[in-house]
1. Is it true that some residue in region 73-87 is at positive phi and either crowded, with 17+ Cβ neighbours inside 10 Å or in contact with a helix residue (DSSP H, G or I) (Cβ under 9 Å, 6 or more places away or on another chain) (or both)?
2. Of the numbered conditions (1) without any contact (Cβ under 8 Å) to a residue 24 or more places away in the chain; (2) more than 19 Å from residue 3 (Cβ to Cβ); (3) not in a helix (DSSP H, G or I), residue 63 satisfies every one except a single condition; which is it?
C-alpha cells in the first residue's frame, strides 16, 4: 500500500531524475492526481521545448525505449504527456518499493 512517505519519496525521485529546480513540486502535492498533473505539465513543456532533456530523463529513469516510442507515436491519442507521466510514476514507485524493501530486509 502506498503511503504519504512513499509519495514524498516519489516527488524527491521525480525532482532528481527530471533535474527539476528545487521547490518545483512546492507545495508538495497532497495526492497522486496532483503529482500526475504537475508531472504532466513538466513533460508537456519538455516535449515542446527540450526534447533532448526529456530523452536524457527517460534514460535516467530507466524507461524502456519501446514503451517511450509507443507513447510518442500517438497510439494513445493526444495525451502523450499524460501517458508518459503514468509510465514514469509507475517506474519511480517501483524504485521506492524496492528501496523500502531493501531497508526492511536490512533491519530483519
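Since every read-out is calculated from the coordinates, none of them should be taken as a lab result. Since we're looking at a predicted model, the values are computed, not measured. Virtual Cβ from ideal backbone geometry, glycine too; neighbours counted across all protein chains shown.
1. Within region 73-87, one or more residues are at positive phi and either crowded, with 17+ Cβ neighbours inside 10 Å or in contact with a helix residue (DSSP H, G or I) (Cβ under 9 Å, 6 or more places away or on another chain) (or both).
2. The number of the failed condition is (1).
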